[in-house]
Each structure stands twice: as C-alpha cells, then as structure tokens.
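One structure below.
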Amino acid sequence: MVKKERSKSLSWALQNRRSGVWLVMLGTAVDSTDGLLLALKQTYPNLHVVTVDLEWLFRDLPTNNLFSSGQWVDSTWPAKSLSNMVRLAVVWHYGGFYADFDTVCLRPTEHLRNVVGSQSAEYVNNAIFHFDRHHPFVHQNMERQNMNFNGALLNVNGVNIMSNTAKMACNTSNFDELVAQGRGLCQGFRVLPQSAFYPVSWENWRDIFRSGAGPNLMKELNSSFVLHAWNVFSAANPVRVGTRTLYDLVSSAYCPITKRRVVDEARVWDSLY
C-alpha cells in the first residue's frame, strides 16, 4: 500500500507541456530541498513552484474586505475558505486554468478556454475551471463570495457560489438540460458535461479506489480531461499498488514520478482499505 500524495501529482505539467504550470503554495516559503519537487521540476521545465503575497493578491478586489477581516480564519474550514478565495483572485489577475491538487489531468487542456464543468444537474464545481484574465464571471463570483460568506458551511463559499452565478448567467436551473440542449455556451463561458472534469461523481468516489475496478472504469474516461479524486472524502483511504484500482492505474500512467518516489520511500498506511 502507498500513501496518496495527490498534492504533488503534477500530471498537468506532463499533459500540457506548452503551457506554464504554477503550483501555488499558501505558505510563506517553498522547501527547496524537497526531493519530489526537485525531481518534478527537473523533468518538467514548465513547472513552477511559487508562494503568493496574499495582501497584494486581494488588494482592490471584491474579496479584499473578506480577507482582511479574518472571517475566513474563524470559519470551520479556514484552509478551504482561503483556497476558494485565492483561486478566483489568481485567475482574475493572470487568467488560465485552476485545478485542485486532488486532480489528475488525463489529456491536454490547452485548447479549452472559459469553461466550468458541471458535476450534476444542480451544480458546477469550482475545483477545475478556466477563464481569461479579468473575465467578468470571475469578478461576479468574487462579489458573491464577499456578500454571502458563511464560515460554518463547507460548499457555500465555493461550489454553491459558482453554481448560482452560472445559473444566472446561463438562465437555467438544470445544467444537464443546458448541456443536452446544446446551450452550454453562456455569457462568455461554456458549461461542460460531467464527463469532462467529474467522470466519477462524489457519491461514487469509492469506485476510484475499488480493487479490480480500474480497467473497466478506464474505458469510461475516453471523453474526460480530468479525474477528480474527491480528496475531501477519500483522503484517509490508502491506495494498494498492483490491485488495479482506477487511481492505481491512472497514477501509474499520468503521475509516474510521484508514484515511483512514493513507492520507493515505502510511505504506507497502517489501516487496510
């Protein structure tokens, strides 16, 4: 068994070699002696590991007051609250793709622009999205974050806000119907079907780590750009190497350096899956 090191599975750098991939750390410094990061940077010259000046990042943005007030610090999930704010601010300043650390990029995404992915009929998810610099949809999300922040609930400040903003922009209450009717194009962005970024739903996250299920599930990823591993649910579960789980197969194909290093260092879990 090996411990899942999803936060350093830089499949995005592997699949998008013509693009810069920026691993944004929220700490004050990057550990330059981290062997895995060094190995990844040596293999993928398009990978950059950086920290961010949060005071500068939020300056003059709708979420500046929310950040400065420290409400997010006192929330039930302070790291998640800050991450929901940072991802929008970074994309607003620079444009490009944002992706959570618990994602595996399965094929190039460089041709996708101004897109969000539905995870169900009711929700789009803010775990993966692309927008051009200063896109108005991103600004609208930041405005809603500032007005509707709720530190007691997990999804209110991220998934719910992006979903509600998209429903207004797309004039819909059902993203499945929107996509099926070919009306995925909204006000300057497109809603992609569930298969694009969330081929395995959060309700079925255990399937990703189910022994022997990998080969059949791999066949269902032909129209998918990303596999989301739903780390909020799956973080405490180990991956057994060689048991043909979907995550085992995908990590071997798309995160070879990370997986090889984890196996070599024998990072194991004490509990069984």
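The values are calculated or read from the model by the stated rules, or taken from the named source; none is laboratory data. Please read these numbers as outputs of a predicted model, since none were measured by experiment. Counting neighbours? That spans all protein chains shown, and the Cβs are built from the backbone with ideal geometry, glycine included. Only protein heavy atoms, including side chains, enter the accessible area calculation; ligands, DNA and RNA are left aside. Shrake-Rupley method; radii C 1.70, N 1.55, O 1.52, S 1.80 Å.
Selection of segment 8-61 for residues being under 15 Å from PHE97 (Cβ atoms), within 19 Å of the chain's Cα centre (by Cα), in a loop (DSSP other than H, G, I, E, B) and not hydroxyl-bearing (Ser, Thr, Tyr) yields LEU10, ASN16, ARG17, GLY20, ASN46. Within segment 149-166, the only residue that satisfies the criterion of being open to solvent by 60 Å² or more (accessible area, probe 1.4 Å) and part of a helix (DSSP H, G or I) is ASN164. May I ask you to say which residue of GLN187, GLN181, GLN194, GLN140 is closer than 22 Å to LEU227 by Cβ and open to solvent by 50 Å² or more (accessible area, probe 1.4 Å)? Criteria check complete, one pass: GLN194. Residue check: is SER223 modelled with pLDDT of 90 or more, in a loop (DSSP other than H, G, I, E, B) and either under 20 Å from VAL115 (Cα atoms) or under 20 Å from the mean Cα position of the chain (by Cα) (or both)? Against the criterion (modelled with pLDDT of 90 or more, in a loop (DSSP other than H, G, I, E, B) and either under 20 Å from VAL115 (Cα atoms) or under 20 Å from the mean Cα position of the chain (by Cα) (or both)), SER223 qualifies. Here ASN146 passes the criteria (1) touching a helix residue (DSSP H, G or I) at 6+ places or on another chain (Cβ under 6 Å); (2) open to solvent by 40 Å² or more (accessible area, probe 1.4 Å); (3) under 25 Å from PHE233 (Cβ atoms) except the one numbered (3).
So, in segment 42-69, exactly how many residues are of a type outside the set (S, T, N, Q), surrounded by 12 or more Cβ atoms within 10 Å (Cβ to Cβ), free of Cβ contacts under 8 Å to residues at least 60 places away in the same chain and closer than 25 Å to ALA89 by Cα?
9
With respect to the stated conditions, PHE101 fails to be touching a strand residue (DSSP E or B) at 6+ places or on another chain (Cβ under 6 Å) and within 21 Å of LEU57 (Cα to Cα). Just checking, how many residues over segment 73-125 are open to solvent by 10 Å² or more (accessible area, probe 1.4 Å), assigned to a helix (DSSP H, G or I) and closer than 20 Å to PHE225 by Cα? Counting residues in segment 73-125 that are open to solvent by 10 Å² or more (accessible area, probe 1.4 Å), assigned to a helix (DSSP H, G or I) and closer than 20 Å to PHE225 by Cα gives 0.
Name every residue in segment 167-202 that is assigned to a helix (DSSP H, G or I) and either touching a Cys at 6+ places or on another chain (Cβ under 7 Å) or of a type in the set (D, E, K, R) (or both), in order of residue number.
Answer for segment 167-202, where residues must be assigned to a helix (DSSP H, G or I) and either touching a Cys at 6+ places or on another chain (Cβ under 7 Å) or of a type in the set (D, E, K, R) (or both): LYS167, ALA169, CYS170, ASP176, GLU177, LEU178.
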